[in-house]
Amino acid sequence: TPSELTAVQNYIKKNYAAINPKFYGKAKGKNVIVIHLESFQQMSIDRKINGQEVTPFLNSLYHSKSTIAFDNFFNQVGQGKTSDAENMLETSTFGLPQGSLFTKLGDDQTFQAMPAILNQREGYSSAVFHGNMGSFWNRSTVYKRMGYQNWISGDYFDITGKKATSWGLKDKLLFHNSVPYLERLQQPFYAKFLTVTNHTPFTLDKQDQDANFQTSNTGSKLVDNYFVTNHYLDQSVKEFFAYLKKSGLYKNTAVVLYGDHYGISNTDASYLASLLGKNAEDWNDLDNANLQRVPLIVHIPGMKNGYIDHTYGGEIDVAPTLEHLLGISTKRYIQFGQDLLSKNHKQIVAFRNKDWITPTYASLSGRIWNTKTGQEITTPSKTLQAKADKIQTYVNKKLAMSDNLNQKNLLKFYNPKDFKAVDADYDYSQEAT
Ligand code: GP9
Ligand code: MN
């Protein structure tokens, strides 16, 4: 009901983190390309195996002076996995406590999402490119409701034989075969590429493997294969950047790269111990939580004061961060995240299961850890317990507010300034293009 909406609005008003004038509008007017790095974890960045970098190209982007990268950026997905990550990035609201918002609510949900906001505020066109069939995760319906003008899915591409894995068109082909569609987009555009080759079980045909890259020998085939598909993903992004430069698009385009969630689950994570300089026998919950870091790399050609930012944040924070970089104010929207570049960012990362992590402490299944020392605090002092309780209340409230908004579709009642409701009247069939 509208009164429930008022409660959310009041909460959001208090949650708002002011813009940072140093970065506001840094990417104004540029095209935006978001590259969703499937299952790609921060621990692979700068990782060397047998003396060789796993992802040399991503590493070069990560350290570029034209990049703001985040090394304490966490995935916050629940059971909706990729679709939860997408939902957070597009809307700055959480996925659901159970299941995928895309599939459970997508058919009649009201979204106030990036494609519509960028279109209405700055005249952006929009498109998603992905090598799996259009109906997966209910995308064909959800994207319309988010205001995506074009949805170039596996239904458009030849995905027969060795051109695809079981998750869809291989990444190198996805980038390559998308070019004719990308070049037809009116600029500025907001385009998202969802990669798939680095998806469990991380199998890759010999012909696509780099004979010069020798992977790990951890005792887990899954882990060893993970680095092989990491490396392939890296090469595919490198090839895409080469195209962007050659076509001239590069100069006018901000590229945002992020990992959606872990590739190596907690069951296999201890096999990473030796690579990470740890003892497998001592592997603990905090080690697992630390591995929930995924990259967020914001590359803005022409920018010279890039750096690696240590702010603790997560996927919920991307939309306000990106909008502010584009010079689009966000105060009027219902967003649960905060601009990562804001001086007022709270640095409390809420996981979907109500666990949380901050630069000093973490709470995992009800146990408290010191994030700095890596030790569990088995008997917290009164002061620390009070502090942890306060953070827990904050986390619970944030998730509950988001769930209330989404489960009751409250945005249907909300009319932000100058926002025209999306009419979802897009034709995604091949014939339409
Ligand atoms: C499917 C791909 C993978 O199209 O996006 O989704 P996931 O299994 O990671 O949720
Ligand atoms: Mn995924």
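Rounded to the nearest 500, what is the chain's calculated 222 nm mean residue ellipticity when only DSSP H runs of at least 4 contribute -39500 (n - 2.57) each, over all residues?
It lands at -9500 deg cm²/dmol.
Please state the charge dipole magnitude for the stretch 184-264, taken about the Cα centre, from unit charges on C-beta atoms (+1 on K and R, -1 on D and E), reported in debye and rounded to the nearest 20.
Dipole of the stretch 184-264, to the nearest 20 debye: 420 debye.
How far is it, in nm, from the label point at Asp418 to the one at Asn396 when both lie 7 Å from their Cα along the line to the Cβ?
Label at Asp418, label at Asn396, 4.0 nm between them.
Enter the Cα centre distance for the pair the stretch 391-433 and the stretch 69-98, rounded to the nearest angstrom.
The distance from the Cα centre of the stretch 391-433 to that of the stretch 69-98 comes to 14 Å.
What is the distance, in nm, between label points placed 7 Å from the Cα along the Cα-to-Cβ direction at Lys382 and at Gln186?
Output for this residue pair reads 6.6 nm.
Carbon and sulfur: what percent of the stretch 94-154's accessible surface (1.4 Å probe)?
Taking all protein chains in place, the stretch 94-154 shows 44 percent carbon and sulfur surface.
Zone of Gln52 (label point 7 Å along Cα→Cβ, backbone N under 16 Å): which residues in the stretch 217-233?
Answer for the stretch 217-233: 217-218, 224-233.
Along the charge dipole of the stretch 164-303, Cβ charges K/R +1 and D/E -1, which of Leu233, Tyr250, Val294 sits furthest on the positive end?
So the residue furthest toward the plus end is Tyr250.
Looking at the chain only, what percent of DSSP beta bridges run antiparallel? Nearest 5 please.
Percent antiparallel among DSSP bridges in the chain is about 45.
Take the Cβ-Cβ distance between Gln430 and Lys372 as r, set R0 to 35 Å, and report the resulting FRET efficiency rounded to the nearest 0.05.
0.05
Compute, for the chain, the length of the dipole vector about the Cα centre, with Cβ point charges of +1 (Lys, Arg) and -1 (Asp, Glu) only. Units Debye, rounded to 20.
For this selection, approximately 1400 debye.
Hey, can you list the DSSP H helices of the chain whose Cα span along the axis is 24 Å or longer and whose average Kyte-Doolittle score is at least 1.6?
Qualifying helices: none.
Go through the stretch 31-69 and name the trypsin sites (Lys or Arg not before Pro) that are in a DSSP coil and have 16 or fewer other Cβ atoms within 10 Å of their Cβ.
Those that pass, being in a loop and sparsely packed, are Lys65.
Can you flag which of Lys13/Lys397; Lys48/Lys278; Lys397/Lys417 are past 21 Å Cα-Cα?
Long pairs (Cα-Cα over 21 Å): Lys397/Lys417.
In debye to the nearest 20, how big a dipole does the stretch 175-321 give about its Cα centre with +1 on each Lys and Arg Cβ and -1 on each Asp and Glu Cβ?
800
Full extension from His310 to Lys245: what is 0.36 nm times the residue separation minus their Cα-Cα distance, to one decimal in nm?
20.5 nm
In what sequence, largest accessible area first, do Ile19, Ile357 appear using a 1.4 Å probe?
Ranked from most to least accessible, the order is Ile19, Ile357.
Name the residue from Ser39, Tyr361, His345 whose Cα lies farthest towards the positive end of the charge dipole of the chain, charges +1 on Cβ of Lys and Arg and -1 on Cβ of Asp and Glu.
So the residue furthest toward the plus end is His345.
How big is Rg to Rh over the chain, alpha-carbon atoms, Rh as the Kirkwood inverse-mean-distance radius?
My calculation puts Rg/Rh at 0.95.
Considering the options Trp283, Leu222, Gly259, tell which one lies farthest towards the positive end of the dipole of the stretch 219-309, charges being +1 on Lys and Arg and -1 on Asp and Glu at the Cβ, about the Cα centre.
The residue sitting most towards the positive pole is Gly259.
With a probe of 1.4 Å, find how much accessible area the chain has per residue, and write the answer as a whole number in Å².
On a per-residue basis, 41 Å².
Quick one: if the Förster radius is 22 Å, what FRET efficiency do Asp108 and Asp403 give, using the C-beta to C-beta distance and rounding to 0.05?
E(calc), rounded to 0.05, equals 0.85.
The values are calculated or read from the model by the stated rules, or taken from the named source; none is laboratory data. Keep in mind that this is a model prediction, so the values were computed, not measured. Cβ atoms come from the backbone with ideal geometry, glycine included; neighbour counts cover every protein chain shown. With ligands, DNA and RNA removed, areas are computed over all heavy atoms of the protein, side chains included. Shrake-Rupley method; radii C 1.70, N 1.55, O 1.52, S 1.80 Å.
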